[in-house]
Amino acid sequence: MTSKNTHRAVFATRIGAIATTVGSAVGLGNIWRFPYEAGTHGGGAFMVCYIAFIFLLGVPVICAEFILGRSSRSNITGAFRLHASHRVWQLTGYMGVLSSLMILSFYSVVAGWTVEYMVQSAIGSLDYGDAAGYHTHFDSFVTGNWRPALWTIVFLAINFAILMRGVAKGIERFSNILMPMLFILLLIFCANSLTMAGAREGLSFLFSPDFSALTPSTMLGALGQAFFSLSLGLGTMLTYSSYFADNTRLGRSALITASLDTVVAILAGVIIFPAVFTFGMSPSAGPTLVFEVLPSIFHSLAGGTVWSTLFFFLLFLASLTSTISMSEIAITFFMEELKMKRRSAVVLNTGIAALFGTLCALSFGCLSDFTLFGLTLFNFFDTATSNVMLPLGGMIISVFVGWKLDRSVLSEQMTCRGATRFRPMRLLVFLLRWVCPVAIGLIFAQSIGIL
Ligand code: PFF
């Protein structure tokens, strides 16, 4: 298969390709969402499912997205148009665009919290004594309406400014310096958490599975978290791989991305849970957990303000590389399918996210009584995308690549047109044809009570 749109940008280096996919994968999903999901779903049992899903379902689906993206050099809808004989497959693309806009909306709210905490740390006012003090402070901040809404908009404005500069340049330069720094900081905080009084209890919560906690909701939570954390099932990896050079090895990139992403999530868990037990907090506090635990950790450190400012700054940058990637889905869709200019596409993407992002921010305050299926708007966007839309998208992509796509496209892409070998080809096809669709289908069925 030759490139369809030869005018499209290509990432300059292999490191660039991996850094950008890792940049998309690593973000608030690892540091904010993973600990709160693990905490509400019993710790160890969740962890076992999560890791199994990352490697058995996630890695094959990343490969499938990479195959579709690089072979079509197009957005998700265009990829299905090129390869599929029936238009119905393109619906996956529309669902991906919708998912990306919904995620961008609520994700920007949490990124806004990060900006607030970064600024407060920098000016030295993030000082509320003990864990209870940080809890009360966070609660009054998120329910306070205008500040969280304002930070959501500020974050989106920064995202907007970067997007206006185009794809390869801005993103590549960014991710290359940022990721290693964040990683080192996480290692330092890990070492610190391991010396805490609650370290043993925290680690055993995270790493000793209690299989009686293995309920359908734990499995669905772990499945959703795996897809969310890998930026999978909505076309992000597909869109990024459409910019990969022809000699980028897809299998290896998929495995590296999944492994690094998982390591960062585990590090976050190792930082958070010892502290949760040391400070006598509840691991199942939900979305607010990390914003209460982390400041308490920083408070207990010498030079806490500096650590705290640096950490929230890096977390803010990690969020940006993720929001840039999810924004590209809707932007390339608006440009390539609706024939919009890049500028208008970026404006539209940001405008929609600003509207719904503000509503999500307010759903902790004045809109907390407005619910959909019993969930606030923020929780609805979070749950509907992670637990339903992304795994469903991943299931369709795996069925399509496993069953429908010409086998020659698979081997061409996985072997860089015969230039390299890809030994586990049969395993990949087996996972895509059987394991991914059946496992995702079973988890869906169980969680709506059919099985
Ligand atoms: N994977 C990102 C994270 O863990 O923070 C979130 C994300 C990015 C989800 C891009 C979806 C996406 F398209």
Every residue from region 85-100 that is within 15 Å of Glu337 (Cβ to Cβ), more than 16 Å from the ligand (Cβ to nearest atom) and either open to solvent by 70 Å² or more (accessible area, probe 1.4 Å) or of a type in the set (Gly, Ala, Ser) (or both) | Arg87, Leu91
Could you give every pair whose Cβ atoms fall below 8 Å, whose first residue belongs to region 326-340 and is more than 15 Å from Thr20 (Cβ to Cβ), and whose second residue is within 10 Å of the ligand (Cβ to nearest atom) and not in a helix (DSSP H, G or I), counting only separations of at least 6 or pairs across chains?
-> none
By residue number, the members of region 231-261 that are within 16 Å of the ligand (Cβ to nearest atom), farther than 16 Å from Glu328 by Cα and not charged (D, E, K, R) are Ser253, Ala254, Ile256, Thr257, Ala258, Ser259, Leu260
Would it be correct to say that Gly280 is small (Gly, Ala, Ser), at pLDDT 95 or above and part of a loop (DSSP other than H, G, I, E, B)?
-> no
Looking at region 179-189, which of its residues are modelled with pLDDT under 95 and surrounded by 19 or more Cβ atoms within 10 Å (Cβ to Cβ)?
-> Met179, Leu182
State whether one or more residues within region 330-351 are among the basic types (Lys, Arg) and either buried (at least 18 other Cβ atoms within 10 Å of the Cβ) or in a helix (DSSP H, G or I) (or both).
-> yes
When region 114-128 is examined, which residues are found to be touching a Ser or Thr at 6+ places or on another chain (Cβ under 9 Å) and of a type outside the set (Val, Ile, Thr)?
-> Tyr117, Met118, Gln120, Ser121, Ala122, Gly124, Leu126, Asp127, Tyr128
For region 354-368, pairs from a residue that is at pLDDT 95 or above to a residue that is crowded, with 21+ Cβ neighbours inside 10 Å and charged (D, E, K, R), with Cβ under 9 Å and 6 or more apart or across chains, are Cys360/Asp382
Which one of Phe207, Phe228 is out of contact with any Lys or Arg (no Cβ under 6 Å at 6 or more places or on another chain), open to solvent by 10 Å² or more (accessible area, probe 1.4 Å) and within 16 Å of the ligand (Cβ to nearest atom)?
-> Phe228
Only one of Leu451, Leu359, Leu410, Leu392 is in contact with a helix residue (DSSP H, G or I) (Cβ under 8 Å, 6 or more places away or on another chain) and assigned to a loop (DSSP other than H, G, I, E, B), namely Leu451
When every residue in region 397-410 that is open to solvent by 50 Å² or more (accessible area, probe 1.4 Å) and not charged (D, E, K, R) is compared, the one nearest to Trp434 (Cα to Cα) is Trp403
Can you work out which of the residues in region 101-125 that are among the small types (Gly, Ala, Ser) and open to solvent by less than 10 Å² (accessible area, probe 1.4 Å) is farthest from the ligand (Cβ to nearest atom)?
-> Ser121
Single residue of Leu68, Leu91, Leu104, Leu98 found to be within 30 Å of Val270 (Cβ to Cβ) and either small (Gly, Ala, Ser) or in contact with a helix residue (DSSP H, G or I) (Cβ under 9 Å, 6 or more places away or on another chain) (or both) | Leu104
The lone condition Thr420 fails out of (1) assigned to a helix (DSSP H, G or I); (2) surrounded by fewer than 24 Cβ atoms within 10 Å (Cβ to Cβ) is (1)
Going by the structure shown, is Ala12 away from the ligand (no atom under 16 Å from the Cβ), modelled with pLDDT of 95 or more and out of contact with any strand residue (DSSP E or B) (no Cβ under 8 Å at 6 or more places or on another chain)?
-> no
Across (1) among the aliphatic types (A, V, I, L, M); (2) in contact with a Ser or Thr (Cβ under 6 Å, 6 or more places away or on another chain); (3) farther than 19 Å from Phe141 by Cα, Ala361 clears everything bar (3)
Out of the residues in region 283-310 that are hydroxyl-bearing (Ser, Thr, Tyr) and touching a residue at least 24 places away in the same chain (Cβ under 8 Å), which is farthest from the ligand (Cβ to nearest atom)?
-> Thr305
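The values are calculated or read from the model by the stated rules, or taken from the named source; none is laboratory data. Small disclaimer: the values here were computed from a predicted structure and weren't measured. Heads up, the Cβs are rebuilt from the backbone with ideal geometry, glycines too, and the neighbour counts pull from every protein chain shown. Just so you know, the surface numbers come from the protein's heavy atoms only, side chains and all, with ligands and any DNA or RNA stripped out. Shrake-Rupley method; radii C 1.70, N 1.55, O 1.52, S 1.80 Å.
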